[in-house]
Amino acid sequence: MIADIGYGLNAAGYLVLLLLLFTVRKPGLAKYLLSLATLVTMLWSLSFVSVLSGPLDVIHLLQGDSIKQAIWLLFIAGCLKPDFQNIWQVLRQPATLMALSVPLVALVLPWVVRTDITWHFLLQTLIALEVLILLEVLYRQVGDEQWAYKPLAFYLGATNLFEFVSYANATMIAQVEPGFIAARGYIYLLMLPFLVIATRRIKHWGVNIFISRDVVLHSSLLLVAGIYLFVMAALGYVINYLGWSWGSTVQIVLIALSMVLLATLFLSNNFRTRIKIFITKHFFANQFDYREEWVKLTNVLANTDQSSASVYHVALEGVMGAVNYDSGALVKKQGGRFTLVSNQYFMPLEQAEPALDALWDYCERTGWMVDIEGYRSKPFDYEGLQLPSKVVEDSELQLVLPFIREGKMWGLALLSAVDRPKVSLNWEVRDYLNAVTNQIANFIYFHEAAQSLAENAQFAAFNRMAAFVLHDLKNVLAQIDLILCNAAQHKDNPEFIEDTFETLHHTKARMDRMLRQLTEKQVDEAGVDATHTLSELISEVIAQRCQSHQPLPVMQVKDETSVVVDQEKFANVMYHLISNAQQATPDDGQVDITVVLDAERKYQLIFIEDTGCGMDDEFIKNRLFKPFDTTKGNAGMGIGAYDAKTYMESIGGYLQVQSQPGMGTCFTLGFPIE
């Protein structure tokens, strides 16, 4: 019964392979011979199923083995030269005729001459030896393609070595051991995946069968389980042969070990991952199943909304999923400083920050990704890259992947494997990750372009609104002109009227400036950038524009130097931030402005701190710097903070915010010192 199951499963396996071969439309002699050998092996297995063919006798065994071995010898002979066009060219070769003569004699001899059974067993031993010799000749003459032929060598070598041992043993004892006959179906079935892999690797055969890595993984796990059961059976055979007994304790221990082993094989994700990495390295031309990986990446990138935080988070998940890592961060360079735009179980950025400038410059110059472990062992592979030893030795950072599009650097992905196997950057992994990062970079760029288009649409709406404002201002200006014309007739009236005239003239001049600023908004005035002492400009803003609100700002100057700014734009930035701080702070609170010089990093720093209501992290990330998003209703336009941040980045500076609800807010402005 056990033998019937093995041969039945083996026949089913070869039937599946035969159907796959029939789906290959490309003609070729190797394909036809392989299909014939597969068909014969399937029929050979079915002929040994006692339910179908009855009890097995020796003549049936020898005849079936002779036919099967003859076909496989013909297949190997057909592979010795890649330029065979038909089977007659193969049969005309002297080596082919010599090889086929032995199985032909073994096939005819029982019907011609009555001989001792051991001679028939000896012939089968010679046939198996022939297959092994021809297989060695084939493997040695393929030269550089030995890697492709290795699975075929495993398949034919293992099966025929088993045949050789079986019939050599039968020759000595004048009978075939039933255990060998029962095991053959399982042996051939377990070796079948190697034959399938060979069909994928050897390109000139014209056979292109797709094999899922998951199928090979599961087959390998079953193979390992089969090897374990074989070892257990062999151990039991030895104990039984020596006349020993298992003993209950030994049985319990072995059963417990078997359960643990099987649980490890089928339940351990880490073990399965390592097995999969081993399989992809040694049994596949491509390490990655690109179709599956591309679909997986597409599904990840599709799972996002329109917010920048979600887009960056999904981009990070995509690049981490590509290498099956569990820790990473996306870093972007803005205004000369690095900003963490997304983070997932990554170490504090301060630990990797000393190396970011060098990594950014190297990746921007070369476009290469960096393996920190590879840099540690072979720094000469990364010419021109100098990393701090503390980061190389102590940091958990392992992979640095640049995001580049059209020659411009967008940012870096910093990855580390905490509880996952680490990926080594060979040529295929680099090509694969380059494709992944290019796709994700396009995804990010398209999102940011869409955001820019949306902002431009909002500004277009603002410009339309400005046209209505201009219309209203012109009406007001016409009324003022009319008042002035009528008032000129009463210039001898009391001084109150003269003061009114002066006020009206001042209002008219102010409205003229407003109209000019609105109509000439896209015109840059020449010579607006100049060297200024920032504390003096801040004092003017406080004195002229911030006196009408409480609490009054208090400025403290610790040390400073002159910097180059646009006086008008700087004044607008400071007014927006100070006014927002005043409005968010109760009258009995505090608004402090501190001017400090950061000589080491060459930045003039301004801190604007208040004791107001504060903001949470979500508001800061998603709403604070979003244009036209305001909490003031119709009283505000929502472009003050956005304008301030945009201006700071345009001059190479930066703007940072630290805030907690109920505790207040601190804006930090860094102006580059030239």
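The values are calculated or read from the model by the stated rules, or taken from the named source; none is laboratory data. What you are looking at is a predicted structure, and each value in this text was computed from that prediction instead of being measured. So basically every Cβ, Gly included, is an ideal-geometry build from the backbone, and we count neighbours across all protein chains shown. Calculation scope for accessible area: heavy atoms of the full protein, side chains included, ligands and nucleic acids excluded. Shrake-Rupley method; radii C 1.70, N 1.55, O 1.52, S 1.80 Å.
Residue by residue, here is whether (1) in a helix (DSSP H, G or I); (2) closer than 19 Å to residue 156 by Cα holds:
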{"residue": "30", "(1), (2)": "yes, yes"}
{"residue": "55", "(1), (2)": "no, no"}
{"residue": "68", "(1), (2)": "yes, yes"}
{"residue": "75", "(1), (2)": "yes, yes"}
{"residue": "97", "(1), (2)": "yes, no"}
{"residue": "102", "(1), (2)": "yes, yes"}
{"residue": "109", "(1), (2)": "yes, no"}
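Looking at region 587-596, is at least one residue open to solvent by 40 Å² or more (accessible area, probe 1.4 Å), under 40 Å from the mean Cα position of the chain (by Cα) and not polar (S, T, N, Q)?
No: region 587-596 contains no residue that is open to solvent by 40 Å² or more (accessible area, probe 1.4 Å), under 40 Å from the mean Cα position of the chain (by Cα) and not polar (S, T, N, Q).
Can you tell me how many residues in region 59-91 are within 19 Å of residue 141 (Cβ to Cβ) and open to solvent by 60 Å² or more (accessible area, probe 1.4 Å)?
Matching residues across region 59-91 total 3.
Is it fair to say residue 438 is open to solvent by 40 Å² or more (accessible area, probe 1.4 Å) and at pLDDT 75 or above?
yes
Of the residues that sit in region 150-170 and are free of Cβ contacts under 8 Å to residues at least 24 places away in the same chain and closer than 12 Å to residue 187 by Cβ, which one is least open to solvent (accessible area, probe 1.4 Å)?
Per the criteria, the residue is 166.
Please determine, by comparing only the residues of region 329-348 that are touching a Ser or Thr at 6+ places or on another chain (Cβ under 8 Å) and of a type outside the set (D, E, K, R), which one is most open to solvent (accessible area, probe 1.4 Å).
Residue satisfying both the conditions and the ranking: 345.
Every residue, every condition in (1) under 19 Å from residue 71 (Cα atoms); (2) in contact with a strand residue (DSSP E or B) (Cβ under 7 Å, 6 or more places away or on another chain); (3) open to solvent by 30 Å² or more (accessible area, probe 1.4 Å), yes or no:
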residue: 93; (1), (2), (3): yes, no, yes
residue: 106; (1), (2), (3): yes, no, no
residue: 116; (1), (2), (3): no, no, yes
residue: 129; (1), (2), (3): yes, no, yes
residue: 132; (1), (2), (3): yes, no, yes
residue: 140; (1), (2), (3): no, no, yes
residue: 144; (1), (2), (3): no, no, yes
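For region 387-397, which residues satisfy the criterion of being open to solvent by less than 70 Å² (accessible area, probe 1.4 Å) and either hydroxyl-bearing (Ser, Thr, Tyr) or at pLDDT 80 or above (or both)?
Selection gives 387, 388, 395, 397.
Which of (1) of a type in the set (Gly, Ala, Ser); (2) under 19 Å from residue 613 (Cβ atoms); (3) surrounded by fewer than 18 Cβ atoms within 10 Å (Cβ to Cβ) does residue 599 not meet, given it meets every other one?
(2)
Given the residues 572, 580, which is the only one that is more than 14 Å from residue 609 (Cβ to Cβ) and either open to solvent by less than 60 Å² (accessible area, probe 1.4 Å) or acidic (Asp, Glu) (or both)?
Step by step, each of 572, 580 is checked, and only 572 is more than 14 Å from residue 609 (Cβ to Cβ) and either open to solvent by less than 60 Å² (accessible area, probe 1.4 Å) or acidic (Asp, Glu) (or both).
Give me the pairs, please: first residue somewhere in region 608-633 and over 21 Å from residue 590 (Cα atoms), second residue anywhere and β-branched (Val, Ile, Thr) and modelled with pLDDT under 80, beta-carbon distance under 7 Å, and either six or more positions apart or on two chains.
Between residues of region 608-633 that are over 21 Å from residue 590 (Cα atoms) and residues that are β-branched (Val, Ile, Thr) and modelled with pLDDT under 80, the close pairs are 627/639; 628/639.
Matching residues to (1) touching a Phe, Trp or Tyr at 6+ places or on another chain (Cβ under 6 Å); (2) modelled with pLDDT of 90 or more; (3) farther than 23 Å from residue 549 by Cα; (4) not in a helix (DSSP H, G or I):
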| position | (1), (2), (3), (4) |
| --- | --- |
| 630 | no, no, no, yes |
| 647 | no, no, yes, no |
| 656 | no, yes, yes, yes |
| 669 | no, yes, no, yes |
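Applying the selection to region 398-431, what residues are open to solvent by 10 Å² or more (accessible area, probe 1.4 Å) and assigned to a loop (DSSP other than H, G, I, E, B)?
406, 407, 417, 418, 419, 420, 421, 422, 423, 424, 425, 426
Of the residues that make up region 84-94, is at least one charged (D, E, K, R) and either in a helix (DSSP H, G or I) or in contact (Cβ under 8 Å) with a residue 24 or more places away in the chain (or both)?
No, the conditions are met nowhere in region 84-94.
Suppose the filter is touching a residue at least 24 places away in the same chain (Cβ under 8 Å), surrounded by fewer than 22 Cβ atoms within 10 Å (Cβ to Cβ), on the phi < 0 side of the Ramachandran plot and not in a loop (DSSP other than H, G, I, E, B); does residue 351 pass it?
yes
Taking into account only those residues within region 363-386 that are among the hydrophobic types (A, V, I, L, M, F, W, C) and open to solvent by less than 20 Å² (accessible area, probe 1.4 Å), which is farthest from residue 319 (Cα to Cα)?
385
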